[in-house]
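Here the structure comes first, spelled out in structure tokens, and everything after it is commentary.
The values are calculated or read from the model by the stated rules, or taken from the named source; none is laboratory data. Keep in mind that what you see is a predicted model, and the values were worked out from it rather than measured. So basically every Cβ, Gly included, is an ideal-geometry build from the backbone, and we count neighbours across all protein chains shown.
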């Protein structure tokens, strides 16, 4: 049987994505009640990190342990991938020893090539193009706090980066409207925008983007690999800071999300994460729960009941 991969939100149907989120909420409840649930006993997840991470490593490693399995952390220093072994060769060998592989990388093509040669599920832990696991956590957070996001309006403020691209996919899959406020030349992926059609609108004014929005999200202005652009980006993105005054333009019941880490005083005001409208801490925790649902679905679908 061909392995099922999760490289993009588009790899699942809308029904499957909503099922994953509902299952994430169930698994969160099980953990909060102290119930032991180990469907992945004796299963091993390999975690390949070309980019460093706090939340991605903790959530996948803790998630596998809580589901009864184990996780192996592999940095570029720990594999032959970092020494020039072809991705295809590594995928063939690793997938004969592991039950799933999570990759956090730069080029999205690393994921697609690895998946093409892997006998086991491959999960996108982040690439320069997309961050689908983060959007699962975002959507779980919204559902828990405000109910279905279908028909609602979300605003993305700042760089049209991998998170913004994935919000576009989420708008298509979860059926909400998205407004993206970004500077000229920093728009998200053009092909995704074309695919989304009227569901996504690009604006230049952050106030126009957040007007009446039910969800507002942003990310750091300079991602890993863009360090030489810091000064230029700080100047260009300054009008795109999300602060309490900007959130006041949104819907009364708006929630603010940030995938973290945050650069306080840059893309958000220093006090924003303490604002009661910010649910960034719940959002971060939900990476754990919804990724457990994802691992369960991909590795042991017999246990998956969403």
| said: List pairs: first residue in region 57-78 and farther than 14 Å from residue 44 by Cα, second residue surrounded by 15 or more Cβ atoms within 10 Å (Cβ to Cβ) anywhere in the structure, Cβ distance under 7 angstrom, at least six positions apart or on different chains. | reply: 57/47; 57/49; 59/287; 59/288; 59/291; 75/49; 76/50
| field | Residues located in region 70-103, provided they are within 23 Å of the chain's Cα centre (by Cα), surrounded by fewer than 21 Cβ atoms within 10 Å (Cβ to Cβ) and within 17 Å of residue 127 (Cα to Cα) | value | 74, 75, 76
| note | The number of residues in region 128-156 that are part of a loop (DSSP other than H, G, I, E, B) and within 25 Å of residue 175 (Cβ to Cβ) is 9
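Considering each of 187, 228 in turn, give the residue that is within 30 Å of residue 107 (Cβ to Cβ), without any contact (Cβ under 8 Å) to a residue 40 or more places away in the chain and either under 19 Å from the mean Cα position of the chain (by Cα) or in a loop (DSSP other than H, G, I, E, B) (or both). Steps first, answer last, please.
Details: 228 fails: either under 19 Å from the mean Cα position of the chain (by Cα) or in a loop (DSSP other than H, G, I, E, B) (or both).
One residue alone meets the criteria, 187.
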| Taking region 114-145 on its own, how many of its residues are over 26 Å from residue 159 (Cβ atoms) and either more than 16 Å from the chain's Cα centre (by Cα) or at pLDDT below 95 (or both)? | 9
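Quick one: is residue 37 surrounded by fewer than 20 Cβ atoms within 10 Å (Cβ to Cβ), at pLDDT 95 or above, outside any helix (DSSP H, G or I) and touching a strand residue (DSSP E or B) at 6+ places or on another chain (Cβ under 6 Å)? Break it down into steps so the answer makes sense when it comes.
Numbers: surrounded by fewer than 20 Cβ atoms within 10 Å (Cβ to Cβ): yes; at pLDDT 95 or above: yes; outside any helix (DSSP H, G or I): yes; touching a strand residue (DSSP E or B) at 6+ places or on another chain (Cβ under 6 Å): no.
No.
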| request: Determine whether region 40-48 contains at least one residue that is touching a helix residue (DSSP H, G or I) at 6+ places or on another chain (Cβ under 7 Å), farther than 18 Å from residue 119 by Cα and either in contact (Cβ under 8 Å) with a residue 60 or more places away in the chain or assigned to a loop (DSSP other than H, G, I, E, B) (or both). | output: no
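Among the candidates 273, 236, single out the residue that is touching a helix residue (DSSP H, G or I) at 6+ places or on another chain (Cβ under 8 Å) and either closer than 20 Å to residue 170 by Cα or surrounded by fewer than 18 Cβ atoms within 10 Å (Cβ to Cβ) (or both). Outline the logic, then answer.
Values: 236 fails: touching a helix residue (DSSP H, G or I) at 6+ places or on another chain (Cβ under 8 Å).
Step by step, each of 273, 236 is checked, and only 273 is touching a helix residue (DSSP H, G or I) at 6+ places or on another chain (Cβ under 8 Å) and either closer than 20 Å to residue 170 by Cα or surrounded by fewer than 18 Cβ atoms within 10 Å (Cβ to Cβ) (or both).
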| Among the listed residues 210, 254, 220, which satisfies the condition of being closer than 17 Å to residue 166 by Cα and surrounded by 19 or more Cβ atoms within 10 Å (Cβ to Cβ)? | 220
| Residues satisfying the stated conditions in region 240-279, i.e. more than 21 Å from the chain's Cα centre (by Cα), outside any loop (DSSP other than H, G, I, E, B) and closer than 14 Å to residue 156 by Cα | 240, 246, 247
| Residues that are in contact with a helix residue (DSSP H, G or I) (Cβ under 6 Å, 6 or more places away or on another chain), surrounded by 16 or more Cβ atoms within 10 Å (Cβ to Cβ) and not in a loop (DSSP other than H, G, I, E, B), drawn from region 7-20 | 9, 17, 20
| query | Across region 164-184, what is the number of residues that are farther than 22 Å from residue 15 by Cα and touching a residue at least 60 places away in the same chain (Cβ under 8 Å)? | reply | 0
